[in-house]
Amino acid sequence: MESKFRWKVMGLMFLIAAVSYLDRANLAVAAPVIRAQMEFTPSQMGFILSAFTFAYAAAQVPAAFLANLLGPRRCFFYFMWLWCILLVATTSATTFASWIGFRIPFGAAEAVSWPALALLMSKWFPRIEYSQVSSIQNLGLVIGSAVAPPLVSAIIVKAHWQAAFVATGAMAAALGTFIWFYLRDDPKADSRVSSSEREWISHDKVVETESATPAGFLKLLATRPSVWACALACFGLNLVNFLFLSWYPTYLTDTYRMSMSKMGLLAAQPYVFAIVSVAGAGWVVRRLVEAGQTTEAATRRVIFSGLFFGTVCLFVAVSVNNLYLSVTAMSLGYAFVMSILGPMWAMAPEIGGRRGASIVCSIMNCVGLFGGIVSPITMGFSFQWFQSYTPAIACSAGVTMLCALAFLRLFRSESDRGKVDDFLTATAVHRDVLHVT
């Protein structure tokens, strides 16, 4: 039977994403309790929730180079242990300044996760599987976010919020240790991978040298329209994603006066819906390609549709008064927007190749995460000024719609990948000529 060890690596990628988002979502669930206990204003809580994302965004490009330098295996081992240490240390925070002081390094430490995952995918999977694998990986993001509300709220009810931080941090340390012993960075160096599987992994890739990154490569990637199309799509996605990750539990308790236990259940609903949409989007892209569409055309259709229908649902959610209708529309809006995760992140190795996957990923994430910075702060000020979250939700939906239109205009992945391949080929030939001379 043909070896398919790469699917075990895909499962590991799923777990990394799940634990990563479980670790960062615990504060959002605990926020109502922490805000009341420490007497923070809504705007202060918004800045605390946003501090992680600010550092996470600022560290993206350095994290890409660090991922290339260390390799995924060492990155995840070192940094998942660092996540654990920082989460445990956060339990000692008692002031606004100390919370900011702990959340900033935690955000910087988590920045390595997505660039390292992009690099891992570029090495372990053929290009035809990128969108499907990325969807499964990002399904971990959704499930981690879905598990956080009921798990963290249950721990808070039984013990206290500090126990929730320690428990989720311990999960990261345990997974990091497992990765150290189980994972290899390259299938060529793993005896568990058969020769036929190695051939399948490399069958549709351009052969790339192992030499140092050529001068001008970063500039070339940073000026590709498709990179910016995906970055803007990521910006719109994060406006919505971080609205849910940071404020949705508090939105439910403030708007509908829910108990902690009822909130824990309803706050998980958007992520349950997103499990279906995120898993399905990668499958849809692959089926469209197998039916004769180009990867570019299939990806464009799925990403634009997700952003468009997601924003329509969010506008519906803030226009109705019925609790369950509003919550369902919010959940559908989140699910549609999150459906773009797999196809969007699959574009990092698709456009940049193995050499540029982590760099493209870091550019997309850096730009996109400014949406994650703005969203929590906007929600905090919206409630403080208007005693309502509706203005912030409507504004986020409107901006996300504009991002969808910009994506439609700029996305041209095939042309951009061709220019990347031509650049690498030309620099390799030039280097060989100089060497011979």
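The values are calculated or read from the model by the stated rules, or taken from the named source; none is laboratory data. Note that the coordinates shown come from a computational prediction; the quantities given were computed from them, not determined experimentally. Note: ideal-geometry Cβ built from the backbone for every residue, glycine included; neighbour counts use all protein chains shown.
Picking from residues in segment 70-93 that are more than 18 Å from Asn26 (Cβ to Cβ) and not hydrophobic (A, V, I, L, M, F, W, C), the one that is nearest to the chain's Cα centre (by Cα) is Pro72.
When segment 300-343 is filtered for residues that are at pLDDT below 90 and of a type in the set (Phe, Trp, Tyr), only Tyr324 remains.
Counting just the residues of segment 127-154 that are β-branched (Val, Ile, Thr) and under 20 Å from Ala17 (Cβ atoms), which one comes out surrounded by the fewest Cβ atoms within 10 Å (Cβ to Cβ)? Selected residue: Val147. Of all residue pairs spaced 6 or more apart or on separate chains, none has beta-carbon atoms under 7 Å together with a first member in segment 223-246 that is under 27 Å from Thr390 (Cα atoms) and assigned to a helix (DSSP H, G or I) and a second member that is modelled with pLDDT of 95 or more and among the charged types (D, E, K, R). Residues of segment 369-380 include none that is of a type in the set (Gly, Ala, Ser), within 20 Å of Phe304 (Cα to Cα) and at pLDDT 85 or above. Scanning segment 155-168 for residues that are among the small types (Gly, Ala, Ser) and modelled with pLDDT of 80 or more, we see that the one that is farthest from Leu22 (Cα to Cα) is Ala163. Set side by side, the residues Trp81, Trp124 differ, and just one is of a type outside the set (Lys, Arg), surrounded by fewer than 20 Cβ atoms within 10 Å (Cβ to Cβ) and closer than 23 Å to Phe181 by Cβ, which is Trp81. Those helices (runs of 4 or more DSSP H) of segment 76-182 in which at least 3 residues are closer than 30 Å to Glu296 by Cα, considering only elements entirely within it, cover 113-124, 130-158.
Of everything in segment 352-387 that's in a helix (DSSP H, G or I) and without any contact (Cβ under 8 Å) to a residue 40 or more places away in the chain, which residue is surrounded by the most Cβ atoms within 10 Å (Cβ to Cβ)?
First, pick out the residues of segment 352-387 that are in a helix (DSSP H, G or I): 352-386.
Of the ones still in play, those that are also without any contact (Cβ under 8 Å) to a residue 40 or more places away in the chain are 382, 385-386.
Values: Ser382: 23, Trp385: 12, Phe386: 11.
This residue is Ser382.
With respect to Ala89, determine if the residue is among the aliphatic types (A, V, I, L, M), surrounded by fewer than 17 Cβ atoms within 10 Å (Cβ to Cβ), without any contact (Cβ under 8 Å) to a residue 60 or more places away in the chain and within 21 Å of Gly169 (Cβ to Cβ). For Ala89, the condition - among the aliphatic types (A, V, I, L, M), surrounded by fewer than 17 Cβ atoms within 10 Å (Cβ to Cβ), without any contact (Cβ under 8 Å) to a residue 60 or more places away in the chain and within 21 Å of Gly169 (Cβ to Cβ) - is met.
Checking each residue in segment 11-41 for being crowded, with 20+ Cβ neighbours inside 10 Å and under 22 Å from Ser195 (Cα atoms) picks out only Leu12.
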